[in-house]
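Peer 1: Quick one: the structure is below, and I'll ask about it shortly.
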Amino acid sequence: MDNRSVERTLLDIYHQLMACYGPQHWWPAKDPFEVMVGAILTQSAAWSNVEKAVANLRQAKALSSRALRQMPLPELAQLIYSSGYYNAKALKLKSLADWLVDYDDDLHRLFVSDTYQLRQQLLSIHGIGGETADSIMLYAANKPIFVIDAYTRRIINRLGLAPENNSYSVYQAFFMNNLPADTLLFNEYHALLVCLAKNVCRKHPLCSQCCLNNICRFNTEYHASNGVI
């Protein structure tokens, strides 16, 4: 497909998802720092378990970079136990909090950086990779960058739109080169893809319930194979 066809297809997918599920109001957090914490905690974790960890941090009055720096590492690890890999994630949260000293714990000073510079800064922090950095940039800093995760890859692959290269950057460019650079659009689009993947486009998909089954190559092949995935 040429670029205009890809753009039309991606926008059609977005509009069908929006018509089915409506606005997702993502990221479910009270402030930008909580988004940053959640982006780290959600690594290899179900969101329901992340919510428990965030609630523990809130109850302990530990949802600030200053509080995280002051809290002993074992205590922090116990508070986020439900998110899994809690010792490693506690260290990542500590690293984030320590790094923010250079900005006097002022996220506004951090977020005024341009998109490329901010991404490089975030990637320099222990435990923050591309997906986590982009989640922080999109949902906390309101930068127009598209987040790629396993759910997005699954859906794009099943729709028959997967790029030839499987790298994170190529999947990200597929969206960003073919859609308007709009923070709200990227926010809702990614959240809607997550919603679809969790509820319908699962590992073993419920194709008959999918709002995209009219354009999905996987759905066609699924029925043609008599239900054998």
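The values are calculated or read from the model by the stated rules, or taken from the named source; none is laboratory data. Bear in mind that the values here come from a model prediction, so they are computed numbers and not experimental data. When we count neighbours, we look across all protein chains shown, and the Cβ atoms used for this are built from the backbone with ideal geometry, even at glycine.
Peer 1: Leu57 versus (1) surrounded by 20 or more Cβ atoms within 10 Å (Cβ to Cβ); (2) free of Cβ contacts under 8 Å to residues at least 24 places away in the same chain; (3) closer than 30 Å to Leu185 by Cα: which is the lone unmet condition?
Peer 2: Here Leu57 meets the rest and fails (3).
Peer 1: Name the residues in region 103-117 that are farther than 16 Å from Tyr139 by Cα and touching a helix residue (DSSP H, G or I) at 6+ places or on another chain (Cβ under 9 Å), would you?
Peer 2: Tyr103, Asp105, Asp106, Arg109
Peer 1: For region 188-195, state whether one or more residues are touching a Leu at 6+ places or on another chain (Cβ under 6 Å) and in a helix (DSSP H, G or I).
Peer 2: Within region 188-195 (the criterion being touching a Leu at 6+ places or on another chain (Cβ under 6 Å) and in a helix (DSSP H, G or I)), the answer is yes, since at least one residue qualifies.
Peer 1: Same structure again: When you scan region 11-54, how many residues do you find that are surrounded by 17 or more Cβ atoms within 10 Å (Cβ to Cβ) and among the small types (Gly, Ala, Ser)?
Peer 2: 5
Peer 1: Moving to a separate point now. Out of the helices (runs of 4 or more DSSP H) lying entirely within region 62-176, which hold 2 or more residues that are in the same structural domain as Cys207 (by TED's automatic domain parsing) and of a type in the set (Ser, Thr, Tyr)?
Peer 2: 150-159, 168-176
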